[in-house]
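Here's the structure we're looking at; comments come further down.
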Amino acid sequence: MIPYTETAQRPDWEQLPETLRIAIADRLGGEVASARVARSGFTQGFAAVLTTVAGIRAFVKAAPLDLAPAEWYAKEARITEALPVGVPAPRVRWTAEPAGYFVICLDAVDGARMPALPWRPAELTAALTAYAQAAVSLSPMPASLAEFAPESFSAVMDGTLGRWAAVLSGTEQLPDPGMEPHLAELARLERRLLDYGDAMPGVMHCDLRADNVILDTAGAAWICDWNHLCRGPAWLDLVSLLISAVPDHDVDTLFATHPAAADAPADALDATLAGLAGYYLTQGLRPEIPTSPYVRTHQRHCGRLAIDWLARRRDWRW
């Protein structure tokens, strides 16, 4: 079992440079009394709910300017600020670059916690409801987000999707010999996904999974970490979220009845499962990352859930 609430190796508040801690506290309006570090995710940047002695709460991320997470946080800030009001996402309060770090401060969600896995029915419903709200607000693409999604879906996904075609050409390793009889069909399906994505008028989160969903004290869901936003179909996000629910829920019905899938072509689900399974399974074969020790396990797990879902739908055996 992957410990999704403990997958990230992040620094504690006390491990940050003193000059950075002072600068953040000044922006928050007072000394920080407590810091609850978020241990989910797969990056090393600092991320925590900070509470000042005056009781002011905020969710703060920080990373050195010369490391990749700083660029991701800066992009996340710009995109989140541009999201339509209908998208249930914590909002940006401020950004700064003190002490050689990029810092983003967002609203703290009351009682913030990651959904439990296996998914509890009420929590899965809350997450699906939140994404239904987001999908409506993101298609057609709002003008405020156009600068963040200038390229077509297939251009953005070049090298990410298309993995089954790469297996056929010999540039990617076959994840499982039992899949070989289905390679041509898998490659055809993932090609359909790329074509469908280019035809879609909206934008999507592009990294929607359980640990990018936050539940508040009332049980409502919020969607975070918007730095991967791109053009594409809302139903891809939907499938990405539902993959983790495969073992315990009727995911076919949940997909078919969700508003984000209302305009999906008949084979959209199979095409998406093929594309995501190809990415996850081949990515999971790559060398382990010492600074993110669970990411390959996560990819292999998601890939297996996706390909098993697809195999059941198409009555494949291996």
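Within region 60-176, what whole-number % of the accessible surface is contributed by carbon and sulfur, with the 1.4 Å probe and all protein chains included in the calculation?
The nonpolar share, carbon plus sulfur, comes to 54 percent.
Viscosity 1.567 mPa s, temperature 4 °C: what is the translational diffusion coefficient of region 191-318 from Stokes-Einstein with a Kirkwood Rh over Cα pairs, rounded to a whole number of µm²/s?
Estimated via Stokes-Einstein, D reaches 84 µm²/s.
Can you compute 3J(HN,Hα) from phi for each residue in region 185-190, using the Karplus curve 6.51 cos²θ - 1.76 cosθ + 1.60 with θ = phi - 60°, rounded to whole Hz and x for Gly and Pro?
For region 185-190, the Karplus curve yields 5, 4, 5, 5, 5, 5 Hz.
Rounded to two decimals, what ratio of Rg to Rh does region 101-206 give with C-alpha atoms and a Kirkwood Rh?
Radius of gyration relative to Kirkwood radius: 1.07.
Compute the whole-percent fraction of alpha carbon pairs in region 131-270 spaced more than 20 Å apart.
Value for region 131-270 (Cα pairs over 20 Å): 53 percent.
Across the Cα atoms of region 1-62, what radius of gyration and what greatest pairwise Cα-Cα distance (Dmax) are found, in Å?
My reading of the Cα-based Rg and Dmax gives 12.2, 41 Å.
Angle check, please: helix 268-283 long axis (alpha carbons) against the longest principal axis of the chain (alpha carbons), in degrees 0 to 90, nearest 10.
Tilt relative to the chain: about 70 degrees.
Just how much of TYR101 is accessible, in Å², when a 1.4 Å probe is used and the result is rounded to the nearest 10?
Rounded to the nearest 10, that gives 40 Å².
Using r as the Cβ-Cβ distance of ASP267 and VAL136, and R0 as 35 Å, what FRET efficiency do you calculate, to the nearest 0.05?
0.90
If packing is taken as the average number of other Cβ atoms within 10 Å across a peptide's residues, how do 9-19, 195-205 rank, most packed first?
195-205, 9-19
Using only the Cα atoms of region 1-144, what do you get for the radius of gyration and for Dmax, in Å?
16.2, 45
Once both labels are modelled 7 Å past Cα along the beta-carbon direction, what's the ARG36-ILE2 spacing in nm?
Using points 7 Å along Cα→Cβ, the separation is 2.4 nm.
Round to a whole number: what % of the accessible area of region 236-318 belongs to carbon and sulfur, probe 1.4 Å?
54 percent
Probe of 1.4 angstrom, ligands and nucleic acids ignored: what's the accessible area per residue over the chain, in square angstrom?
Dividing the accessible area of the chain by its residue count gives 43 Å².
For ASP26, ASP225, ASP110, what's the largest-to-smallest order of accessible area, 1.4 Å probe?
Of ASP26, ASP225, ASP110, the descending order of accessible area is ASP26, ASP110, ASP225.
Contour minus end-to-end for ILE22 and ASP198, with contour as 0.36 nm per residue of separation and end-to-end as the Cα-Cα distance?
Stretched fully, the ILE22-ASP198 segment lengthens by 58.7 nm.
Which whole-percent values make up P(r) of the chain when all C-alpha to C-alpha distances are grouped in 10 Å steps starting at zero?
6, 26, 34, 24, 9, 2, 0
Using only helices, what value at 222 nm comes out for the chain when you add -39,500 (n - 2.57) per DSSP H run of length 4 or more and divide by the total residues, to the nearest 500 deg cm²/dmol?
Rounded to the nearest 500, the figure is -12000 deg cm²/dmol.
Compute the relative contact order of region 113-194 as a whole-number percentage, counting only Cα pairs closer than 8 Å that sit 6 or more residues apart in sequence.
24 percent
What percentages make up the Cα-Cα pair-distance distribution of region 78-141 when the bins are 10 Å wide from 0?
18, 37, 32, 12, 1
At q = 0.21, 0.23, 0.24, 0.25 Å⁻¹, what log₁₀ I(q)/I(0) does region 198-263 have when each alpha carbon counts as one equal point scatterer in the Debye sum?
These q points yield log10 I(q)/I(0) values of -0.97, -1.10, -1.15, -1.20.
The values are calculated or read from the model by the stated rules, or taken from the named source; none is laboratory data. Quick caveat, the model's predicted, so the values are computed rather than measured. Note: ideal-geometry Cβ built from the backbone for every residue, glycine included; neighbour counts use all protein chains shown. The area values use the complete protein model at the heavy-atom level, side chains included, leaving out ligands, DNA and RNA. Shrake-Rupley method; radii C 1.70, N 1.55, O 1.52, S 1.80 Å.
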